[in-house]
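Below is one structure, written out as structure tokens; the observations come after it.
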């Protein structure tokens, strides 16, 4: 019997609605029935939202080995949205497990490294004072220590994120892995001048 994801702590948050005991029990029941041993779920956060005739369910799974799996689904019924988002999360977990089990495949570094270029400013360039932006969106990121191939897997799993910021476990430097418009990934190694 599978016991890896038993008694998962689940937080249920509601926006524009009140959470009934039936919905809370339904969410707990659905998440307890994800019987996958890898990645092991540490915590689950479910966000439910209602706007007009639109029911949105979002699941964020914090798993072992610094793995975060996110999915969202929109339906006309809240229970259908919960079913669909749990199915999406289960597919992502199976995908991640399959990728980790393929140990026999050769490791390729798909990230491209770019040479350093120095920008020279022309003498005829005029500096203009620029005003501060009126609206600035601030987002806090947790920088985790990962290998490049782990960061590639994180970026493949999070389809709605354009980049991953991480501390490279090999070089111990901050890196940014991003999707390229031409396909594939690009790696930016950040160095701080001293």
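Here are some notes:
- Candidates 55, 62 - the one that is outside the structural domain of residue 148 (by TED's automatic domain parsing), at pLDDT 90 or above and either closer than 24 Å to residue 159 by Cα or buried (at least 17 other Cβ atoms within 10 Å of the Cβ) (or both): 55
- Of all residues in region 122-146, those that are closer than 29 Å to residue 66 by Cα have Cβ atoms under 6 Å from Cβ atoms of residues that are modelled with pLDDT of 75 or more and part of a strand (DSSP E or B), 6 or more apart or on another chain, in 141/165; 143/165; 143/167; 144/166; 145/167; 146/166.
- Subset of region 157-168 (residues that are at pLDDT below 85 and surrounded by 15 or more Cβ atoms within 10 Å (Cβ to Cβ)): 157, 158
- The set of residues in region 169-194 being surrounded by 15 or more Cβ atoms within 10 Å (Cβ to Cβ) and under 11 Å from residue 144 (Cα atoms) consists of 174, 175.
- No other residue among 85, 152 is within 17 Å of the chain's Cα centre (by Cα), modelled with pLDDT of 90 or more and surrounded by 10 or more Cβ atoms within 10 Å (Cβ to Cβ) apart from 85.
- Strands (runs of 3 or more DSSP E) enclosed by region 28-103 - at least 1 residues per element that are touching a residue at least 40 places away in the same chain (Cβ under 8 Å): 67-75
- Number of residues in region 23-52 that are in contact with a helix residue (DSSP H, G or I) (Cβ under 9 Å, 6 or more places away or on another chain) and surrounded by fewer than 12 Cβ atoms within 10 Å (Cβ to Cβ) equals 2.
The values are calculated or read from the model by the stated rules, or taken from the named source; none is laboratory data. The model shown is predicted, which means the values in this text are computed figures rather than measured ones. Every residue, glycine among them, receives a Cβ derived from its backbone with ideal geometry; neighbour counts consider all protein chains shown.
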